[in-house]
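Down below is the structure, laid out as structure tokens.
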Amino acid sequence: MENHNNKKWIAIYSIVAVVLITVYYLLNLKIFEDWEKYIPFMKKLSLSLFSICIIFLISKFIVRLINSQNHIEGDRYNLLRIVRFLAIVFSLIVVASFLFQNLYAAAVSFGLISLVLGFALQAPIASFIAWIYLVFRRSYLVGDRIQIKGFRGDVVEINYLDTSILECSGDYLGNDRLSGRIIRFPNSLILREEIINYSGPEIPFIWNETPVQIAFTSDLQFVENCLLEATQKDFKEKYPQFVSENYKNLEATVYFRNNKFAWMEAVISYPVEPKDTTGRRNRILKYALSLLNKAPEKVKFPEGNLR
């Protein structure tokens, strides 16, 4: 759909550009001599509009080129935003050259306007500068799961002035599922708050842990083996591309600790994609508990005096 719209706009800008340049040269014909005093204005107008069409036509070709490459989704999004922004900037320059005969006067006028707007629009300007910072620093990209000032969610849009995220967890959920709420915050927030990005650029994992409560009389070695088997089985099924010698640092581990209510906890620590924390925990527990329940003589769960 996006490629179809892009082709449509390429065709539209091409046709309009041809019409405008044709008008520019047709104004030199003698049949328009009666309009002599309007011809310079019309020629300048047609040439300016032609230049704007060419600028946007080139931008559409660049967009098409970007979409044809295998870029990361977040990088592609930023590149498209930059192309759109530059097209607007160059078009404004063309408009300024049309409105002002004297470029020096235009520069002075824009300088005065910028000075006034600088005081009146400090917050939007700070957010725009923060957007430029985001593009080059890549603190987060579209698709990343981030946390900033108590907000946590998946980045869905990075505009010139604000960022939109789909909230996960939130006020009504006790897990990491998407809540359905959209949070928008000004980009300037990243200049004064720390950003936590859960989506690593190379290995897309964070570490999570899940405790299982057992009695002190349980066979700890058996419990450890069952938890590791469940975790490794799920990892091989869910992330087969990471099962190799190069990713030994992603192996799960088990440790034991005392629970404050008197029983023991067997804790499995494992890598997981930020958006799969709830699902992976459920899969591990379902398989691990089925293994543990098969050996009631080795695994005792907290009940009665078996604590």
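The values are calculated or read from the model by the stated rules, or taken from the named source; none is laboratory data. As the structure is a computational prediction, the values presented were derived from the model and not from experiment. So basically every Cβ, Gly included, is an ideal-geometry build from the backbone, and we count neighbours across all protein chains shown. Side chains included, ligands, DNA and RNA excluded: accessible areas come from the protein's heavy atoms. Shrake-Rupley method; radii C 1.70, N 1.55, O 1.52, S 1.80 Å.
Inside the stretch 253-291, can you point out the residues that are among the polar types (S, T, N, Q) and not in a strand (DSSP E or B)? Reasoning before the result, please.
Let us first name the residues in the stretch 253-291 that are among the polar types (S, T, N, Q), namely 253, 258-259, 269, 277-278, 282, 290.
Passing the criteria: ASN259, THR277, THR278, ASN282, SER290.
With respect to (1) at pLDDT below 75; (2) over 27 Å from the mean Cα position of the chain (by Cα), the lone exception for VAL18 is condition (1). Taken across the stretch 50-67, residues that are at pLDDT 85 or above, open to solvent by 80 Å² or more (accessible area, probe 1.4 Å) and hydrophobic (A, V, I, L, M, F, W, C) do occur, with at least one present. Note on the stretch 221-257: residues that are of a type outside the set (Lys, Arg) and surrounded by fewer than 16 Cβ atoms within 10 Å (Cβ to Cβ) amount to 19. If you go through the stretch 163-180, how many residues are part of a strand (DSSP E or B) and either of a type in the set (S, T, N, Q) or at pLDDT below 90 (or both)? Within the stretch 163-180, residues that are part of a strand (DSSP E or B) and either of a type in the set (S, T, N, Q) or at pLDDT below 90 (or both) number 6.
For the stretch 232-244, does any single residue satisfy the condition of being at negative phi, aromatic (Phe, Trp, Tyr) and at pLDDT below 90? Taking every residue of the stretch 232-244 in turn, at least one turns out to be at negative phi, aromatic (Phe, Trp, Tyr) and at pLDDT below 90.
Can you give me the number of residues within the stretch 102-143 that are among the polar types (S, T, N, Q) and at pLDDT 85 or above? Don't jump to the end; show me each part of the working.
First pass over the stretch 102-143, keeping only residues among the polar types (S, T, N, Q): 102, 109, 114, 122, 127, 139.
Within this subset, residues satisfying the condition of being at pLDDT 85 or above are 127, 139.
Count: 2.
Looking at the stretch 136-156 only, could you name the residues that are assigned to a strand (DSSP E or B), open to solvent by less than 60 Å² (accessible area, probe 1.4 Å) and not small (Gly, Ala, Ser)? Talk me through it step by step, then tell me what you get.
Within the stretch 136-156, the first condition is being assigned to a strand (DSSP E or B), and the residues that meet it are 145-148, 151-156.
Of the ones still in play, those that are also open to solvent by less than 60 Å² (accessible area, probe 1.4 Å) are 145-148, 153-155.
ARG145, ILE146, GLN147, ILE148, ASP154, VAL155, listed by residue number.
If you scan the stretch 187-205, which residues turn out to be crowded, with 16+ Cβ neighbours inside 10 Å and either among the acidic types (Asp, Glu) or in contact with a helix residue (DSSP H, G or I) (Cβ under 7 Å, 6 or more places away or on another chain) (or both)? Lay out the reasoning, then the answer.
We begin by selecting, within the stretch 187-205, every residue crowded, with 16+ Cβ neighbours inside 10 Å; these are 187-190, 197-199, 204-205.
Selection gives ASN187, SER188, ILE190, TYR198, SER199, PHE205.
Has the stretch 269-291 got any residue that is open to solvent by less than 80 Å² (accessible area, probe 1.4 Å), acidic (Asp, Glu) and farther than 30 Å from ASP162 by Cβ? No: zero hits.
Under the condition of being part of a loop (DSSP other than H, G, I, E, B) and within 16 Å of GLU265 (Cα to Cα), which residue from the stretch 292-304 is modelled with the lowest pLDDT? Quick ask: steps written out before the conclusion?
Of all residues in the stretch 292-304, those part of a loop (DSSP other than H, G, I, E, B) come to 294-302, 304.
So of that shortlist, the ones also within 16 Å of GLU265 (Cα to Cα) come out as 298-302.
Values: LYS298: 89, VAL299: 89, LYS300: 83, PHE301: 81, PRO302: 75.
Top of the filtered list is PRO302.
Scan the stretch 157-184 for residues that are hydrophobic (A, V, I, L, M, F, W, C) and either open to solvent by less than 60 Å² (accessible area, probe 1.4 Å) or in contact with a Pro (Cβ under 7 Å, 6 or more places away or on another chain) (or both) and the total you get is 6.
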